[in-house]
Amino acid sequence: MRRFSLFLSLVVALGLSACAHQEPSRQEKFLAAAPRSILVVPVVNKSIDVTAADYMLSAASVPLAEHGFYVFPVNLVKRMLEDDGLSDSSLVHSSSTTKLAALFGADAVLYITIERWDAKYAVTSTTLTVGASYEIRDAKTNSVIWENKAQAVHQSNGGGGGGGGGVAGLLAGLVVKAVSAAVTKAAPDYMPLARQVSYQALHPYPGNGIPSGPYAPVAKN
Amino acid sequence: MRTTLTCFASAICLSMLAGCGGHTLYEWRGYENKLYDHYKNPAQQQEFTEAMKEVVLGAEAEGRVPPGIYAEYGFLLFEQGNSAAAIQYYKKEAARWPESEMLMEKMIAVAEKRFKKPVAPGQPAVSVPPAKPAAAAPQEVSR
């Protein structure tokens, strides 16, 4: 019980510090470009799970739009590109941002690359890992105006409350529970992790976070 | 007790993830989940279209339609051959979000071309037989 309270205060403290922390230098280029609209193109997948790319794409719109940007409809964009012979996302990622953005009238393009999307099975536990890198390029200059990386790990250990590890261990264990879903050998559910990665990477407040867009209710930070 | 606390902890974490606030800017109605379901079962187009209809109507009722949602739904209607209804939703997207105007003009032009005779404004949605999704607007992307 006491440990839970300790954990909660830690979580709240972390949350508050995250809200207050800013590193303008990382956001300078983005703020100078000041995009209103962001085109999210299909995801490049470096993992061996072929379904990962579309699943990751489904988690990108909400955090971006909630930070105040116009986000182009990701499924429409994906289908338009496919109809145009651009179903290979690595081809899309290596295309000129300026030309790509011009097709849709976008101010900037978000490129997502999945670095990790895997499950490791040990005797008593299963570890799921999802990791991705994010890069926003400006339509006008073709250059990178913001980048970030995030990774989330879920370890299940047969249902018992994992002991040991002190406060750090407790914290890690509970954060994992917060995003936990049933993890089975047959079909591990990566989506809670994928969404966590997406929110973490595209969060506006921590130092390397994305500045708020024009529709955000608060002033730009 | 333990469950309640875990739930509480989860709720705190999630609300922080949602942006230090707790309430969202838009009414999403499970859009992320519905998109995920669609990618999991791509053959179920009809179900996805119905699911997106719920998103649009629910968000509209709350007056907080997220960016891209009218167009996303409109495109599904277009893919199912209902160009007239698709055009109506493209127009809604363009009217609500000026950032989408250029793309919506393209999408409307493609839908009108397939619909053959232009649609009178306010005309109710007409079902036409499903057609092959047109190779829409974008031309060529080169390095």
Is there any pair with a first residue in segment A:73-87 that is more than 7 Å from chain B (Cβ to nearest Cβ) and among the hydroxyl-bearing types (Ser, Thr, Tyr) and a second that is open to solvent by less than 10 Å² (accessible area, probe 1.4 Å) and assigned to a helix (DSSP H, G or I) whose Cβ atoms are under 8 Å apart and which are 6 or more apart or on different chains, and what are they?
A:87/A:81
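Taking the stated definitions as given, is residue B:72 under 30 Å from residue A:190 (Cα atoms), in a helix (DSSP H, G or I) and out of contact with any helix residue (DSSP H, G or I) (no Cβ under 8 Å at 6 or more places or on another chain)?
No.
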Residue that is farthest from the other protein chains (Cβ to nearest Cβ) [pool: residues in segment A:88-124 that are closer than 29 Å to residue A:152 by Cα and basic (Lys, Arg)]:
A:120
Return only the number of the condition from (1) closer than 19 Å to residue B:23 by Cα; (2) away from chain A (no Cβ under 14 Å); (3) crowded, with 17+ Cβ neighbours inside 10 Å that residue B:55 does not satisfy.
(2)
Can you tell me which condition residue B:49 does not meet? The list is (1) open to solvent by less than 60 Å² (accessible area, probe 1.4 Å); (2) modelled with pLDDT under 95, and all the others hold.
(2)
Residues (over 16 Å from the mean Cα position of the chain (by Cα), among the aliphatic types (A, V, I, L, M) and buried (at least 16 other Cβ atoms within 10 Å of the Cβ)) located in segment A:129-159:
A:139, A:145
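Hand me the list of helices (runs of 4 or more DSSP H) wholly inside segment A:50-104 holding 1 or more residues that are surrounded by fewer than 20 Cβ atoms within 10 Å (Cβ to Cβ) and out of contact with any Phe, Trp or Tyr (no Cβ under 9 Å at 6 or more places or on another chain).
A:74-83, A:89-93, A:97-104
The values are calculated or read from the model by the stated rules, or taken from the named source; none is laboratory data. Just so we're clear, the structure is a prediction, and the values are computed from it rather than from any experiment. Here Cβ is always computed from backbone atoms with ideal geometry, including for glycine, and neighbour counts include all displayed protein chains. For accessibility, only protein heavy atoms count, side chains too; no ligands or nucleic acids. Shrake-Rupley method; radii C 1.70, N 1.55, O 1.52, S 1.80 Å.
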